[in-house]
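Have a look at the structure below, then the notes.
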């Protein structure tokens with residue numbers, strides 16, 4: 001058990017604050033959490049870290065913006081190129097008349113004089 005264990009109001013068994021139910025009797029303890037005092041941390045955690053120098057921050061920002069612009073321009077260029085190619089192929093196909101199917105007729109063989117049926 002942790003130091004911040006509390007007794008269950010139903011059976012008196014100690015329970016940890018993160019528990020939602022009593023492990024002994026099954027009483028719903030999450031409703032009691034609003035009435036329990038908030039645990040006081042033993043020590044304060046420092047989450048701040050030293051910042052980057054201003055010139056380095058500006059350079060990193062410029063690099064990030066330049067990279068984003070390059071990616072955007074590349075994608076836009078690929079899209080426009082594909083649209084132009086699609087439009088050109090449609091224009092070429094619509095400009096050509098539909099191809100006629102050529103039917104070849106058989107010429108009679110001059111060597112055979114037999115009539116065909």
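Remarks
- Modelled label positions at residue 24 and residue 56, each set 7 Å beyond Cα in the direction of Cβ, lie 5.6 nm from each other.
- Potential extension, residue 31-residue 84 segment - 0.36 nm per residue separation minus Cα distance: 12.6 nm
- Residue 70-residue 93 pseudo-label distance in nm [points 7 Å out on the Cα-to-Cβ vector]: 3.7 nm
- Length available on full extension from residue 63 to residue 4: 0.36 nm per residue minus the Cα-Cα distance, which gives 16.3 nm.
Quick note: the coordinates plus some simple rules give every number you see, no bench work behind them. Bear in mind the structure is a predicted one, so any value in this text is a computation, not a measurement. Heads up, the Cβs are rebuilt from the backbone with ideal geometry, glycines too, and the neighbour counts pull from every protein chain shown.
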